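Only one structure is covered here, and it is reproduced in the block below.
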Amino acid sequence: MLNREDNDLLTRVGPGTPAGELLRRYWHPVAAACEITAEKPKKRIRLLGEDLVLFRDGSGTLGLIEEHCPHRGVSLYYGFVENEGIRCAYHGWKFDCRGQCLDMPFEPEGTPLKSKIAAKAYKVQELSGLLFAYLGPDPAPLLPHYDPLVRTDVRRKIHILPQLNCNWLQVMENSVDPTHTHYLHGANMNARGSEEASFHYRKIEAIDFVVRKEADWGGVIKKRVFGDVEIDSNEGHPVIFPTMLLLPPHPHIMMHFRVPVDDTHTQIFRCQFTESENGEEIKQNEVPVEYVKPFVDDSGEYHLTTFGSQDAMAWETQGAIANRGREMLGASDRGIALYRRLLKEQIAAVQQGKDPLGVIRDPAINTRIMIALSTQQQEFRNQRLKNAKAEA
């Protein structure tokens with residue numbers, strides 16, 4: 001269990017909070033690239049407790065700026081997107097993508113006020129059909145080029161899930177909890193006669209965790225050992241610190257990005273990568289987006305017919321921020337305890353002025369970051385590629 005002070009330490013994400021300052025050292029996806037178009041060039045964003053406006057100006061440059069105009073606090077979301085930036089709809093003050101004030105109508109010509117006024121603005125980059133934002137201090141680290149994000153032999157699709165009414169840590173702790181799948185997913189699917197239950201509704205003989213702290217990535221690989229000898233047994237799922245989960249191909253590679261919206265809300269972007277049969281290049285002009293249906297039915301109850309609804313029930317019913325002072329952890333929960341220790345360790349690193357785990361600044365190691373999987377998964381994937389080449 002955690003006392004209230006430690007619970008706040010790990011869960012609160014606003015500016016100036018310990019976890020918030022840690023999370024600001026990383027890039028987070030905030031939208032699909034196809035959501036920002038010439039017809040709809042702006043979108044409201046809330047990230048790490050800050051209200052922002054994402055937009056693409058007339059020249060094609062992406063901007064992420066504080067929502068409330070520094071002049072009188074009116075929402076810039078209702079502003080006019082122009083070639084060089086966005087103009088406030090209230091008095092016409094105009095800001096570029098870096099937050100610099102470009103125009104102040106009705107103020108004296110040459111007023112020194114213009115050089116002193118700036119809106120808070122953050123960096124945005126596009127990668128693999130997603131728009132990533134960085135809210136931390138300069139110099140910004142490199143946006144990590146994880147293998148699935150930069151491969152040319154995959155077809156991409158983005159799933160945007162309904163926003164969760166719970167803290168980000170509840171979602172991430174689930175990622176280092178291998179045993180929940182037996183009942184939460186397997187038993188629920190089995191009760192509905194679904195074939196999806198077969199893999200998860202099995203006896204788990206053992207669980208294991210491997211902490212990784214390589215130069216290019218860090219996190220925890222969780223492993224389940226089942227009582228059978230199927231190819232998917234004993235697999236490990238890498239939890240990429242601090243907010244990602246990678247699922248190896250069966251049949252798609254999946255990356256889950258758990259984005260801390262604020263203290264009591266979390267947004268998940270689930271990215272699907274389907275490998276080409278022969279390793280040939282796949283070109284996509286635009287990565288399609290699917291908006292996942294609500295996790296509750298018309299009565300407001302969780303329908304539990306999908307893994308997403310089952311997970312949402314488990315996360316949200318703990319409360320907006322789980323009261324970890326009441327929990328009773330067992331031996332099977334050691335992955336959760338491990339992740340919390342890792343989180344505390346990295347918060348301390350930031351407080352000491354150090355880069356936390358997985359922050360990349362060397363371009364030489366950022367060309368294509370291979371996330372370590374279990375030996376069995378690596379062999380399975382290599383055999384798939386070998387078979388595909390033999391059949392070509």
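Taking the Cα centre of the range 1-102 as origin, sum charge times position over the Cβ atoms of Lys and Arg (+1) and Asp and Glu (-1), and report the length of that vector in debye to the nearest 20.
I would put it at about 160 debye.
What residue among Pro18, Pro294, Pro251 shows peak mean-square fluctuation when the chain is described by a Gaussian network model with Cα springs under 10 Å?
It is Pro251.
How charged is the neighbourhood of Pro238? Take every other residue with its Cβ under 10 Å from the Cβ of Pro238, and add Lys/Arg as +1 and Asp/Glu as -1.
So the environment of Pro238 carries a net charge of +2.
What dipole magnitude, in Debye to the nearest 20, does the chain give about its Cα centre under +1 on Lys/Arg Cβ and -1 on Asp/Glu Cβ? Intermediate results must be reported in sequence, preceding the final value.
Numbers: 47 positive and 53 negative charges, 120 e Å.
Computed charge dipole of the chain: roughly 580 debye.
Given Lys42/Lys114; Lys42/Lys213; Lys116/Lys344, which pairs have Cα atoms separated by over 28 Å? Don't skip to the end; give the middle numbers.
Details: Lys42/Lys114 24 Å; Lys42/Lys213 38 Å; Lys116/Lys344 38 Å.
Violating the 28 Å Cα-Cα cut-off are Lys42/Lys213; Lys116/Lys344.
What nm value, rounded to one decimal, do you get for the distance between Ala320 and Met1 when each label is placed 7 Å out toward the C-beta?
It is 2.3 nm.
Using only alpha carbon pairs under 8 Å that are at least six residues apart, calculate the relative contact order of the range 32-134 and give it in whole percent.
22
From the phi angles alone, apply the Karplus equation (6.51, -1.76, 1.60; θ = phi - 60°) to the range 157-165 and give each ³J(HN,Hα) in whole Hz, x where the residue is Gly or Pro.
My calculation for the range 157-165 gives 8, 10, 10, 9, 8, x, 4, 8, 8 Hz in order.
What are the aspartates and glutamates whose alpha-carbon lies under 13 Å from the alpha-carbon of Lys222, with same-chain residues fewer than 8 places away excluded?
Lys222 reaches Glu173, Asp177, Asp208, Glu235, Asp333.
Can you bin the range 223-332 into rounded, prolate or oblate? Criterion: square roots of the alpha carbon gyration tensor eigenvalues sorted a ≥ b ≥ c, rounded for a/c under 1.5, prolate for a/b above b/c, oblate for the rest. Intermediate values should be presented prior to the final figure.
Values: a/c = 1.87, a/b = 1.31, b/c = 1.43.
Oblate is the answer for the range 223-332, as a/c is 1.5 or above yet b/c matches or exceeds a/b.
Given H placed on each backbone N at 1.01 Å, which residues far from Arg212 in sequence or on other chains put an amide H within less than 5 Å of it?
Placed amide hydrogens put Gly219, Val220, Ile221 under 5 Å from Arg212.
Would you work out which of Gln100, Ala348, Val154 lies farthest towards the positive end of the dipole of the chain, given +1 charges on the beta-carbon of Lys and Arg and -1 on that of Asp and Glu, about the Cα centre?
The one lying farthest along the dipole's positive direction is Ala348.
Set Lys and Arg Cβ to +1 and Asp and Glu Cβ to -1, take the dipole of the chain about its Cα centre, and tell me which of Pro139, Ile65, His252 lies farthest positive.
The Cα lying farthest towards the positive end belongs to Pro139.
In whole Å, what three semi-axes, largest first, describe the equivalent ellipsoid of the range 30-133 built from its Cα gyration tensor (square root of 5 times each eigenvalue)?
They are 24, 13, 12 Å, listed from largest to smallest.
Could you tell me the relative contact order of the range 1-61? Use alpha-carbon pairs under 8 Å, at least six residues apart, and round to a whole percent.
23 percent.
Under 19 Å Cα to Cα from Lys283, which aspartates and glutamates show up? Leave out anything in the same chain fewer than 8 places away.
Glu126, Asp147, Asp153, Glu275
Under 5 Å between amide H atoms, partner at least 5 residues away or on a different chain: which partners does Gly85 have, H built in plane at 1.01 Å?
Gly58
Considering Cα pairs under 8 angstrom that are at least six residues apart, work out the relative contact order of the chain and quote it in whole percent. Please report the intermediate quantities before stating the final value.
Working: 777 pairs, mean separation 80.1, N = 392.
Rounded, it is 20 percent for the chain.
Each residue of the range 128-144 in order: what ³J(HN,Hα) in whole Hz does its phi give by Karplus 6.51 cos²θ - 1.76 cosθ + 1.60, θ = phi - 60°, with x for Gly and Pro?
Rounded to whole hertz, the list is 6, x, 10, 9, 9, 10, 10, 10, x, x, 7, x, 5, x, 6, 6, x.
Can you pull out the trypsin sites (Lys or Arg not before Pro) in the range 243-294 that DSSP calls coil and that have at most 16 other Cβ atoms within 10 Å?
The qualifying sites are Lys283.
Could you order the peptides 206-219, 119-132 from most to least packed, using the average number of other C-beta atoms within 10 Å per residue?
Working: 206-219: 16.3, 119-132: 19.8.
Answer by packing, highest mean first, reads 119-132, 206-219.
Give me the distance between the Cα centres of the range 85-103 and the range 270-325, rounded to whole Å.
Here the answer is 37 Å between Cα centres.
Got a sec to turn the phi values of the range 33-39 into Karplus ³J(HN,Hα) couplings, 6.51 cos²θ - 1.76 cosθ + 1.60 with θ = phi - 60°, whole Hz, x for Gly and Pro?
Coupling constants for the range 33-39: 4, 6, 7, 9, 10, 5, 6 Hz.
I'd like to compare 22-28, 325-331: which one has the highest average count of other Cβ atoms within 10 Å, and what's the full order after that?
So the order, starting with the most tightly packed, is 22-28, 325-331.
What 222 nm value per residue comes from the helices of the chain, counting each DSSP H run with n ≥ 4 as -39,500 (n - 2.57) and dividing by all residues, nearest 500 deg cm²/dmol? Walk me through the intermediate numbers first.
Details: 10 runs with 83 residues, N = 392.
Only helices count here, giving -6000 deg cm²/dmol.
Considering only DSSP beta bridges where both residues belong to the chain, give the percentage that are antiparallel (nearest 5).
The antiparallel proportion sits near 95 percent.
Hey, which lysines would be in cross-link range of Lys43, C-alpha to C-alpha under 21 Å, not counting anything within fewer than 8 residues on its own chain?
Cα-Cα hits under 21 Å: Lys94, Lys120, Lys123, Lys157, Lys293.
Just order 54-65, 37-48 by mean Cβ neighbour count inside 10 Å, highest at the front, would you?
54-65, 37-48
The numbers here are math on the coordinates, done by the rules we state, and not lab data. Not measured: the values here are computed from a predicted model. Because the Cβ atoms are built from the backbone with ideal geometry, glycine has one as well, and the counts that use them run over all protein chains shown.
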